[in-house]
Structure formats: structure tokens, C-alpha cells
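Enquirer: Below is one structure. I have some questions about it.
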Amino acid sequence: MPDIPIALTGISGVSIASMDDRRSSHSANHAEKVAEIVASRSAAARSPVAASWVRSFHKYGLEPDAPGRTGRLSQSEVGLHREAIGRLFHVSQAVMDQLHASLGLAGCSVILCDADGIVLDQRLRAGDQQDFETAGLARGADWSEKRQGTNGIGTAIAEGRPVHVLRDQHYHTRNTSMICLGAPVFGETGKLAAVLDVSSCRGDLDAAFVALIAQTVEQAAMRIEAENFCRSFSQARIVQGTAEGQQGPVLLAVNGDDLVIGATRSARLHYGLDDAALISPRPAMDILGDQERRGMGLESAERRELRRALARANGNVSAAARLLGISRATLYRRMEKLGLLPES
């Protein structure tokens, strides 16, 4: 597969006509490159970018040099899309503010899209607004892959993973001046709900800075996902699992009976959970695999309950007995049977 450049050099001291000629030449070269890739039978297997280009051409019927852009949704239509993702939209606001405070001076725009690729919200500096308006990155725009081809938002939706699309890696020639770094945000049911994206129309961002931004975007998306999950199960206990290799938060929601009633996408993948498993909840210790450490059976359960009561009562046996609704003598007998009495 031909190399895809990630940087465009600046041009100064040339006429507008000369710049137009260069843009036209660049557009033609990019379209030819795309045509060469999509015609290859093996390109899609060698590169995620090439695989997206192939989808853009064969699945969606897009031409890389097609002019113009699709229209935007009205403010009221955008409002309906915001309502559809509910709590997650509100959770994202503070995170977007923090991201823009860090990256706005570098000419970056922070964007939240839903799973349809519709831009729901955006943070950008006033001085950069015209650039993003010209690029079509504005509230109400559709940046799904089926509309825009390969891009950081639509391709993150299509593949369900963080995607970095740098300048000439875009499918459409009209988008090749941009850097788009998108990260999916999964809802409390484990399904993709949104994409957090940071984009730039500048040509002066070096590769190291772009890599740092990409990492920051992914971490911010995980923060939104984790906070949304915790708020969705605010009455439950949240247990954090450990799973190497998982990109998202590994969280379980556990009810008062120690049954798992919710799980993030990464937790579902790691522990093999699906909707059916959560409709008929399983004990947390079965899922977490700590049965041996905690013990099974009624005696183990009783031992844990007595220990909790004693801990709440700061070791006072009489107070613990009152918490359990039994007599002090009964509690002593149970403690003796279960080996909980201190050695004399």
C-alpha cells in the first residue's frame, strides 16, 4: 500500500492561482491514490485506513473527489438527538470543557457526536470557527462514515474503537487538511452511544503532539463512560475489575444481594457477560472468580455477616448482637462455632 502522508508543508510567496493549481493537483493525486487502494484485493487486509476506504467506495458508493457537503440538522433536530443519549450528554459537558481548556489554544475543536455521527456539541475558539465551518465540522453535521467516508468520527463508530485519521488518510479530498482523533463512548448497556473527537484544521501539529492528543481523547472518553455508568447505577455498589488489554473501564454494578446487575462494555467482554446474563443476575464472586478466597456455602456467608456486624460495632459484641437482632449469648455461640472468637 502506498505511504499516506500525515503532514502537509506550508506554502508562502506564491500566487492564489498557483495555490489553486496545487490544491487541484493534490486533490487529483489523492483521488488516484484512493482509486488504486480500493481496486486492490488485498489492501483492506493490510491497513485499517485502506479497509475504511474500501468500505467508503464499495459499501457506501462514495467518490473521493465528490464536491459539496450534506446539509445540517436544525437546532430542534439536534435537540432530539441529544435527548436520545440522555444522561451521557450532560456527563460529557465538564470533560469537554476541560479538554478544550487544554487544547483550544492549539487550534483544536472538541466534538461530541452520537452513534449516528451527528455532531451534538462542540467547543472551539472564536478565531477558529470559520475554519471548522468551512470544513463542515459544526453542530448538526453528519460525520458518519456513510456520509463522509473515512474520518475520525464515522470510522470510530464503524469499528467501535479509537481511530486517528490524519490528513491524507481521510477518504474525501475535501477533508485532507484535517486531523481527526475519535474515541468511542459506550453507554451503560455496553452499546456504543457516542464519539468524543478532537479535530484540527492546522497543518503545524507535529506527530508527537498528535499522539499526545490522541491519548488524552481516549482517556477523556473513558472518563465519560465510567461516570455515566456510575450515575446510571447510583443505587448500586460499583466494583472495579482488573483486565489487562481492555481499553475501557472495567466496572460492575452490584446490588444489595451481591448480584451483578450492570457491566460496562469492557467488563462484559472480559467476564463474558451479555444482556441475558444481567437479566438473570449472577453473584459477584462467581463473576470475579474469588469464590475460593471468600468461601462458598451458608457457613461462609454467615461468617462474613458476623464479621461485618462486629466491624460496624467496632468489636463490641453486645452492639453487634443488637445489629443482628439476636442475643449476646447466641452471637457468642455462633462465633465459637465459626472460629471467630479470639484465642485466650
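The values are calculated or read from the model by the stated rules, or taken from the named source; none is laboratory data. What you see is a predicted model; the values in this text were computed from it and never measured. Because the Cβ atoms are built from the backbone with ideal geometry, glycine has one as well, and the counts that use them run over all protein chains shown. Side chains included, ligands, DNA and RNA excluded: accessible areas come from the protein's heavy atoms. Shrake-Rupley method; radii C 1.70, N 1.55, O 1.52, S 1.80 Å.
Enquirer: Put +1 on the Cβ of every Lys and Arg and -1 on every Asp and Glu Cβ in the chain; which of Gly256, Met285, Pro342 then has its Cα farthest towards the positive end of the dipole?
Expert: Highest projection toward the positive end goes to Pro342.
Enquirer: Once the dipole of the chain is set up with Lys and Arg at +1 and Asp and Glu at -1 on Cβ about the Cα centre, which of Phe89, His30, Ile326 lies farthest towards its positive end?
Expert: Ile326
Enquirer: Grab the alpha carbons of the chain, take their convex hull, and tell me the volume per residue in Å³.
Expert: 191
Enquirer: Something else now. Amide H of Ala263: which non-local residues (sequence gap of 5 or more, or other chain) have their own amide H closer than 5 Å, using H built in the peptide plane?
Expert: Under 5 Å from the amide H of Ala263 lie the amide H atoms of Ala253, each far enough along the sequence or on another chain.
Enquirer: Which residue, Leu124, Leu99, Leu324, tops the fluctuation ranking in a GNM of the chain built on C-alpha contacts under 10 Å?
Expert: For the chain, modelled as a Gaussian network with Cα springs under 10 Å, the answer is Leu324.
Enquirer: Probe radius 1.4 Å, ligands and nucleic acids ignored: give me the carbon and sulfur share of the accessible area of the chain as a rounded percent.
Expert: About 50 percent, which is the carbon plus sulfur part of the accessible surface.
Enquirer: Residues in segment 209-249, backbone N under 14 Å from the label point at Asn255 (7 Å along the Cα-to-beta-carbon vector): list them, ranges by number please.
Expert: Residues passing the 14 Å test: 233-237.
Enquirer: Below 26 Å Cα-Cα, how many Lys pairs turn up in the chain? Only count pairs eight or more apart in sequence, or on different chains, if you could.
Expert: For the chain, the number of qualifying lysine pairs is 5.
Enquirer: Sticking with this structure for a sec: Suppose every Lys and Arg Cβ carries +1 and every Asp and Glu Cβ carries -1, with no other charges. What dipole size does the chain come out with about its Cα centre, to the nearest 20 debye?
Expert: The calculation lands at about 1200 debye.
Enquirer: Can you list residues from other chains, or at least 5 along the same chain, whose modelled amide H is less than 5 Å from the amide H of Ile118?
Expert: Here Trp143 satisfy the definition.
Enquirer: Right, next: Under the 0.36 nm per residue contour assumption, what length would be gained going from the current alpha-carbon distance of Ser280 and Arg308 to full extension?
Expert: 7.4 nm
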